[in-house]
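Structure first, then comments.
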Amino acid sequence: MAIVIFDLFGTLIDKKKYDYNSALKWLAETYFNGELKKLIELSQKVKEFYLKKRQDSNMETSFCEQLKIFENELHISISEDYLSVEEKFLRIFRDEYLLDGAEDLLKYLYNKNCSIYLFSNSIFSGKSLQCYLNKFGIDQYFQKIYSSADIGFRKPAKESFDVVLSDIGVINLNETYYVGDSFEKDYIGALRCNISPILITSNKEIQGLSFANLNQLLNYFSKIL
């Protein structure tokens, strides 16, 4: 039975609009006594620090870790569960849409009894991503959702893929596919772990499995599964 692991952002859903400051405004007004200016300044410092750390090591931080920093620096404690705050923040921050062909592809693989997973680079936890996907109507197709925020490493780090593959319990690497839109993070990352990378791209020079869109990928799977 085939295992298909998907990237999320840019592969299954894509950006309409991101508004981080609006989400910070909500966070400030709800939990930090309206200290928006301080929260924006602090958020920028945290972002700069972790971006450098990420560039050097592919290590990932999480939004929940950032909340702890906000609490400590502003001397204000959040009474609500971090994951609940994170889930609400994510919905305010990101406005996205489901890419054409995504649901048809997932439904086809699901009906073929494939094991479907999701592994994404994100500062948000897998649990929050699961809730977030509910609004697109595709959360039910995934057996489990993995986020670099939970793992501690981002793609293309081999450590990140190793955690996912180990947790899934992959035995047959030849029947395990990773579908993504980034050559470096998704395609090369999967290749390093000896699973079959599939790239969604308009670049026709890619050597290996690549498709211009998800409808073409569905056509491919319909021939081999």
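The values are calculated or read from the model by the stated rules, or taken from the named source; none is laboratory data. If you're wondering where the values come from, they're calculated on a predicted model, not measured in any experiment. In this analysis, Cβ positions are derived from the backbone assuming ideal geometry, glycine residues included, and neighbour counts consider all displayed protein chains. Protein only, heavy atoms only, side chains kept; ligands, DNA and RNA dropped before computing areas. Shrake-Rupley method; radii C 1.70, N 1.55, O 1.52, S 1.80 Å.
Numbers below:
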| item | result |
| --- | --- |
| Filter pass, Y110 being more than 30 Å from E29 (Cβ to Cβ), at pLDDT 95 or above, open to solvent by less than 40 Å² (accessible area, probe 1.4 Å) and touching a strand residue (DSSP E or B) at 6+ places or on another chain (Cβ under 7 Å) | no |
| Close pairs (6 angstrom Cβ cut-off, 6 or more residues apart or separate chains): in contact (Cβ under 8 Å) with a residue 40 or more places away in the chain in segment 104-115, outside any loop (DSSP other than H, G, I, E, B) and open to solvent by less than 10 Å² (accessible area, probe 1.4 Å) anywhere | L105/L214; L109/V4; L109/I116; C114/V4 |
| Filter result for the condition that a residue is within 13 Å of the chain's Cα centre (by Cα) and in contact (Cβ under 8 Å) with a residue 40 or more places away in the chain, over F136, F153, F221 | F153 |
| Output for segment 191-205, where each listed residue is within 22 Å of D14 (Cα to Cα) and open to solvent by less than 60 Å² (accessible area, probe 1.4 Å) | P197, I198, L199, I200, T201 |
| Those residues of segment 90-105 which are in contact with an Asp or Glu (Cβ under 9 Å, 6 or more places away or on another chain), open to solvent by 30 Å² or more (accessible area, probe 1.4 Å) and part of a helix (DSSP H, G or I), in sequence order | I92 |
| Checklist (1) touching a residue at least 12 places away in the same chain (Cβ under 8 Å); (2) in contact with a helix residue (DSSP H, G or I) (Cβ under 8 Å, 6 or more places away or on another chain) applied to K15, failing item | (2) |
| Hits in segment 113-159 (condition: in contact with a Phe, Trp or Tyr (Cβ under 6 Å, 6 or more places away or on another chain), open to solvent by less than 20 Å² (accessible area, probe 1.4 Å) and β-branched (V, I, T)) | I116 |
| Wholly enclosed helices (runs of 4 or more DSSP H) of segment 12-89 bearing at least 3 residues acidic (D, E) and open to solvent by 80 Å² or more (accessible area, probe 1.4 Å) | 36-57 |
